[in-house]
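Down below is the structure, laid out as structure tokens.
Every read-out reported here was derived from the displayed coordinates using simple, explicitly stated rules and does not represent laboratory data. Quantities reported herein were computed from a predicted structural model and do not represent experimental measurements. Because the Cβ atoms are built from the backbone with ideal geometry, glycine has one as well, and the counts that use them run over all protein chains shown.
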Amino acid sequence: MQKLQNRSGSGLVTLPKGFLERDGLLDESGEPDEAHLTVDRLDERAYVVRVCDGDVPELSECEAIQRLAAERILDEDVLGKRQGE
């Protein structure tokens, strides 16, 4: 779990180095490489951080968001009730 820190009045959180390595965001010496990121607020206490190479696509075009939405749809019946309720 990461800790929210205060940096000049803004919230700061670190990304685990293993995640950065997995996504190719470390330089040859193993330090974070320069990258542009965007933060979207999904809901109360829920945020999405994305690395952006140029244009920032709509959040609804993000594969992970689409996958979560599809899982939610599959988990509900036509009346919006969760399976097993």
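Here is a yes/no grid of residues against (1) surrounded by 10 or more Cβ atoms within 10 Å (Cβ to Cβ); (2) free of Cβ contacts under 8 Å to residues at least 12 places away in the same chain; (3) not hydrophobic (A, V, I, L, M, F, W, C):
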site	(1), (2), (3)
11	yes, yes, yes
24	no, yes, yes
27	no, yes, yes
44	no, yes, yes
48	yes, no, no
51	yes, no, no
55	no, yes, yes
61	no, yes, yes
75	yes, yes, yes
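For residue 48, state whether it is within 17 Å of the chain's Cα centre (by Cα), β-branched (Val, Ile, Thr) and either assigned to a helix (DSSP H, G or I) or under 23 Å from residue 2 (Cα atoms) (or both). Answer is yes for this residue. When residues in region 30-45 are screened for being of a type in the set (D, E, K, R) and farther than 18 Å from residue 69 by Cα, 4 of them pass. Taking the numbered list (1) outside any loop (DSSP other than H, G, I, E, B); (2) in contact with a strand residue (DSSP E or B) (Cβ under 9 Å, 6 or more places away or on another chain) in turn, residue 71 passes all entries but (2).
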